[in-house]
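The values are calculated or read from the model by the stated rules, or taken from the named source; none is laboratory data. This is a predicted model, so every value here is computed, not measured. Please note: Cβ atoms are built from the backbone with ideal geometry, for glycine as well, and neighbour counts cover all protein chains shown. To get the accessible areas, we keep the full protein, side chains included, count just its heavy atoms, and leave off ligands, DNA and RNA. Shrake-Rupley method; radii C 1.70, N 1.55, O 1.52, S 1.80 Å.
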Amino acid sequence: MKILVVEGDFTSRLLLQKLLMPYGDVHIAINGREALAAYQMAREEGAPYDLICLDIVIPELDGQAVLKEIRRLEETAGIRRGEGVKVIMTTVVQDPLTIMSAFTHQCEAYLVKPIDQAKLVETLTRLGIQA
(Lines give C-alpha, C1' and ligand atoms only; values in the text may rest on other atoms or scores of the structure.)
Protein backbone atom coordinates (compact mmCIF):
# COMPACT_ATOMS: atom_id res chain seq x y z
CA MET A 1 0.00 0.00 0.00
CA LYS A 2 1.10 3.56 -0.72
CA ILE A 3 0.48 6.11 2.04
CA LEU A 4 0.90 9.89 2.20
CA VAL A 5 1.21 11.61 5.58
CA VAL A 6 0.51 15.35 5.37
CA GLU A 7 1.64 16.94 8.58
CA GLY A 8 3.27 20.27 9.39
CA ASP A 9 4.56 19.23 12.82
CA PHE A 10 7.80 17.22 12.82
CA THR A 11 6.97 15.08 15.86
CA SER A 12 3.50 14.20 14.55
CA ARG A 13 5.01 13.29 11.15
CA LEU A 14 7.47 10.90 12.78
CA LEU A 15 4.79 9.29 14.93
CA LEU A 16 2.38 8.70 12.04
CA GLN A 17 5.20 7.46 9.83
CA LYS A 18 6.23 4.94 12.48
CA LEU A 19 2.65 3.78 13.10
CA LEU A 20 1.91 3.37 9.38
CA MET A 21 5.14 1.74 8.21
CA PRO A 22 3.83 -1.82 8.79
CA TYR A 23 1.01 -1.05 6.32
CA GLY A 24 3.09 0.06 3.33
CA ASP A 25 5.36 2.69 1.84
CA VAL A 26 4.92 5.98 3.70
CA HIS A 27 5.65 9.30 1.97
CA ILE A 28 5.64 12.69 3.69
CA ALA A 29 4.36 16.14 2.73
CA ILE A 30 4.80 19.11 5.05
CA ASN A 31 2.22 21.50 3.58
CA GLY A 32 -0.92 21.55 1.48
CA ARG A 33 0.71 22.47 -1.82
CA GLU A 34 3.28 19.72 -1.44
CA ALA A 35 0.49 17.27 -0.63
CA LEU A 36 -1.44 18.13 -3.80
CA ALA A 37 1.73 17.92 -5.89
CA ALA A 38 2.51 14.47 -4.44
CA TYR A 39 -1.07 13.32 -5.00
CA GLN A 40 -1.09 14.47 -8.63
CA MET A 41 2.37 13.06 -9.38
CA ALA A 42 1.40 9.67 -7.98
CA ARG A 43 -1.76 9.59 -10.14
CA GLU A 44 0.17 10.66 -13.25
CA GLU A 45 2.71 7.90 -12.64
CA GLY A 46 -0.09 5.33 -12.42
CA ALA A 47 0.65 4.54 -8.77
CA PRO A 48 -1.89 6.58 -6.77
CA TYR A 49 -1.96 6.75 -3.01
CA ASP A 50 -4.23 4.28 -1.23
CA LEU A 51 -4.36 6.29 1.99
CA ILE A 52 -3.74 9.90 2.95
CA CYS A 53 -3.48 10.99 6.60
CA LEU A 54 -4.20 14.70 6.42
CA ASP A 55 -3.82 17.34 9.11
CA ILE A 56 -6.11 20.35 8.86
CA VAL A 57 -3.71 22.94 10.27
CA ILE A 58 -0.86 22.88 7.73
CA PRO A 59 1.00 25.67 5.94
CA GLU A 60 0.19 27.10 2.50
CA LEU A 61 -3.15 25.35 1.94
CA ASP A 62 -5.15 23.91 4.83
CA GLY A 63 -6.20 20.28 5.00
CA GLN A 64 -9.86 21.02 4.26
CA ALA A 65 -8.88 22.75 1.00
CA VAL A 66 -6.54 19.88 0.11
CA LEU A 67 -9.29 17.31 0.70
CA LYS A 68 -11.77 19.31 -1.37
CA GLU A 69 -9.29 19.61 -4.25
CA ILE A 70 -8.42 15.90 -4.15
CA ARG A 71 -12.10 15.00 -4.44
CA ARG A 72 -12.54 17.52 -7.28
CA LEU A 73 -9.58 16.02 -9.15
CA GLU A 74 -11.00 12.53 -8.66
CA GLU A 75 -14.38 13.61 -9.98
CA THR A 76 -12.73 15.23 -13.01
CA ALA A 77 -10.83 11.97 -13.64
CA GLY A 78 -14.08 9.99 -13.52
CA ILE A 79 -13.36 8.35 -10.18
CA ARG A 80 -16.67 7.72 -8.46
CA ARG A 81 -17.38 8.66 -4.88
CA GLY A 82 -15.98 6.02 -2.53
CA GLU A 83 -13.54 4.63 -5.10
CA GLY A 84 -10.80 7.22 -4.65
CA VAL A 85 -8.04 7.54 -2.11
CA LYS A 86 -9.05 6.95 1.50
CA VAL A 87 -8.48 10.07 3.60
CA ILE A 88 -8.18 10.12 7.37
CA MET A 89 -8.12 13.59 8.90
CA THR A 90 -5.53 13.59 11.71
CA THR A 91 -5.76 16.87 13.58
CA VAL A 92 -6.12 18.73 16.87
CA VAL A 93 -9.20 20.55 15.59
CA GLN A 94 -12.27 19.22 17.40
CA ASP A 95 -15.07 21.67 16.72
CA PRO A 96 -18.25 20.15 15.25
CA LEU A 97 -18.40 22.46 12.20
CA THR A 98 -14.89 21.50 11.12
CA ILE A 99 -15.61 17.81 11.61
CA MET A 100 -18.86 18.07 9.62
CA SER A 101 -17.05 19.97 6.86
CA ALA A 102 -14.41 17.24 6.59
CA PHE A 103 -17.07 14.57 6.17
CA THR A 104 -18.97 16.78 3.70
CA HIS A 105 -15.78 16.87 1.63
CA GLN A 106 -15.72 13.06 1.83
CA CYS A 107 -13.05 12.08 4.31
CA GLU A 108 -13.41 8.49 5.48
CA ALA A 109 -12.41 9.09 9.10
CA TYR A 110 -11.47 11.82 11.57
CA LEU A 111 -8.92 11.19 14.33
CA VAL A 112 -8.04 13.78 16.95
CA LYS A 113 -4.42 14.17 18.08
CA PRO A 114 -2.62 12.89 19.90
CA ILE A 115 -3.17 9.89 17.64
CA ASP A 116 -3.91 6.77 19.65
CA GLN A 117 -2.38 3.66 18.04
CA ALA A 118 -5.37 1.47 18.93
CA LYS A 119 -7.83 3.94 17.38
CA LEU A 120 -5.68 4.25 14.27
CA VAL A 121 -5.51 0.47 13.87
CA GLU A 122 -9.27 0.21 14.45
CA THR A 123 -9.87 2.87 11.78
CA LEU A 124 -7.56 1.17 9.29
CA THR A 125 -9.34 -2.15 9.89
CA ARG A 126 -12.75 -0.53 9.41
CA LEU A 127 -11.49 0.94 6.11
CA GLY A 128 -10.31 -2.49 4.98
CA ILE A 129 -6.60 -1.75 5.36
CA GLN A 130 -4.57 -4.62 6.79
CA ALA A 131 -0.92 -4.78 7.87
Exercise. Distance in nm between label sites at ALA65 and MET21, each 7 Å beyond Cα in the beta-carbon direction?
Worked result: 3.3 nm
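What percent does the relative contact order of the range 58-131 come to when contacts are Cα pairs within less than 8 Å and at least six residues apart?
Working: 54 pairs, mean separation 21.8, N = 74.
Dividing the mean separation by the residue count of the range 58-131 yields 29 percent.
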Problem set entry | the chain pair-distance distribution - Cα-Cα, 5 Å bins, rounded % | 2, 11, 23, 26, 23, 12, 3, 0
For this session: Would you mind working out the accessible area per residue for the chain, using a 1.4 Å probe, and quoting it in Å²?
Result: 54 Å²
Exercise. Hey, any idea what % of the range 23-79's accessible area is carbon plus sulfur with a 1.4 Å probe?
Worked result: 50 percent
Exercise. If amide H atoms are built 1.01 Å from N in the plane of the peptide, which residues on other chains or at least 5 residues away come under 5 Å of the amide H of CYS53?
Worked result: LEU4, VAL5, VAL6, ILE88
Problem set entry | Packing-based order for 10-21, 119-130, using average beta carbon neighbours within 10 Å, highest first | 10-21, 119-130
Seminar exercise, completed: Output for the range 1-65: GluC sites (Glu not before Pro) sitting in coil per DSSP, at most 12 other Cβ within 10 Å, listed by number, reads GLU45
